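This report concerns only the one structure given below.
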Amino acid sequence: MGSIARFFKFLKESWQLVLKNFRVYLASYIAFFLVDVLASIPWQAFGFPEQSTPEILFSLLVGISSLVIIVNVILIEKSRYKHREKEQLLYSVPTYLIYSLYSVLIILIGPGAVLLAGSMGGIPQPVMIGLAVLVGLIVAIFVAMVALASVLIDNDSINYFKMSYRMARQDVLLIICFGALSFLAELPSFAFDQIPDWRFVVSFNLLYAFFDAAAMITLTVTSVRIFYYLKHQLNDQSQ
């Protein structure tokens, strides 16, 4: 089976699993929906300019809340795979947030280095930007499994970055498919934000929130399936 076909197989199985056990994911669905609703608050309607301090701080809070919900779904899947009680969020959330931050910093360092080298070497700006984006995408692929590994692997002595790198080398296209669909799932929200009238923006975002909450859960479950599949392919015995 090819990587693309395998990805859509995992996606279909994840969707069927979520539908079949919706009660298990109901709290996460409601939480995702509420986060989307909060993210739709029209700050301009309350007299705040774009990118105001309250809006930025609130966006940060919404982003962290989304990560917490993602960890909750990951732990649900981990308990199912390992046939044991679901772990508490208290330990896993900080770990996931820290490694997510590490991954983002590493992704930013690559393009930043390219831009710096290009500006010093007199490389044309379009070429320099193109190279920076390419480097950022490549780095993102190789660190894609880092945060997941920090939650799904209990052995703290494991190098999660090395594991993620090995997984990416095992099946780059599978990870690209997951990243591409995750990006596409967020595109409608970005498109809605381009509408001048905030009333329409809020309305469309609220309607899309019903789908987006289900999509986020399904994609998270899919990511766990991909992780365990690649781990098995590597014949990795870490627990």
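The values are calculated or read from the model by the stated rules, or taken from the named source; none is laboratory data. A quick note: this is a predicted structure, and the numbers were derived from the prediction, not measured. Using ideal geometry, Cβ is built from the backbone for each residue, glycine included, and neighbour counts are taken over all protein chains shown. Quick note on the areas: whole protein, heavy atoms, side chains included, nothing else; ligands and nucleic acids left out. Shrake-Rupley method; radii C 1.70, N 1.55, O 1.52, S 1.80 Å.
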Check your understanding: Within the bounds of region 203-218, is there any residue that is among the small types (Gly, Ala, Ser), without any contact (Cβ under 8 Å) to a residue 60 or more places away in the chain and within 26 Å of Gln44 (Cα to Cα)?
Key -> yes
Check your understanding: Given the structure, is Ile109 within 30 Å of Phe227 (Cα to Cα) and open to solvent by 60 Å² or more (accessible area, probe 1.4 Å)?
Key -> yes
Review point. Would a scan of region 188-201 turn up a residue that is closer than 23 Å to Phe8 by Cβ and in contact with a Leu (Cβ under 6 Å, 6 or more places away or on another chain)?
Key: no
Check your understanding: Mind checking which pairs have a first residue in region 96-107 that is in contact (Cβ under 8 Å) with a residue 24 or more places away in the chain and closer than 16 Å to Ile158 by Cα and a second that is in a helix (DSSP H, G or I) and of a type in the set (S, T, N, Q), Cβ under 8 Å, 6 or more apart or different chains?
Key -> Tyr96/Ser150; Ile98/Ser150; Tyr99/Ser150
Exercise for review: Could you list all residues from region 152-177 that are closer than 11 Å to Phe227 by Cα and among the hydrophobic types (A, V, I, L, M, F, W, C)?
Suggested key: Leu152, Ile153, Met163, Met167, Ala168, Leu174, Ile175
**Study point:** Hits in region 1-38 (condition: part of a loop (DSSP other than H, G, I, E, B) and either at pLDDT below 90 or of a type outside the set (S, T, N, Q) (or both))
**Key:** Met1, Gly2
Review point. Can you name the number of the only condition in (1) under 21 Å from Ser66 (Cα atoms); (2) in contact with a helix residue (DSSP H, G or I) (Cβ under 6 Å, 6 or more places away or on another chain); (3) surrounded by fewer than 18 Cβ atoms within 10 Å (Cβ to Cβ) that Leu184 fails?
Key: (2)
Review point. When region 83-106 is examined, which residues are found to be under 17 Å from Ile217 (Cβ atoms) and open to solvent by 50 Å² or more (accessible area, probe 1.4 Å)?
Key: Lys86, Leu89
Practice item. Consider Ile41 carefully, then state whether it is open to solvent by less than 80 Å² (accessible area, probe 1.4 Å) and not in a helix (DSSP H, G or I). Key: yes
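Residue check: is Leu67 touching a Lys or Arg at 6+ places or on another chain (Cβ under 6 Å), at pLDDT 90 or above and part of a helix (DSSP H, G or I)?
No, not satisfied.
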Practice item. Of all residues in region 166-181, count the ones that are open to solvent by 40 Å² or more (accessible area, probe 1.4 Å) and of a type in the set (A, V, I, L, M, F, W, C). Key: 6
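Quick grid of which residues meet (1) open to solvent by 40 Å² or more (accessible area, probe 1.4 Å); (2) touching an Asp or Glu at 6+ places or on another chain (Cβ under 8 Å):
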position: Lys78; (1), (2): no, yes
position: Tyr81; (1), (2): yes, no
position: Gly136; (1), (2): no, no
position: Ala140; (1), (2): no, no
Point to revise | Complete set of residues in region 65-82 that are touching a helix residue (DSSP H, G or I) at 6+ places or on another chain (Cβ under 7 Å) and more than 11 Å from Ala31 (Cβ to Cβ) | key: Leu67, Val71, Ile74, Leu75, Ile76, Glu77, Lys78, Tyr81
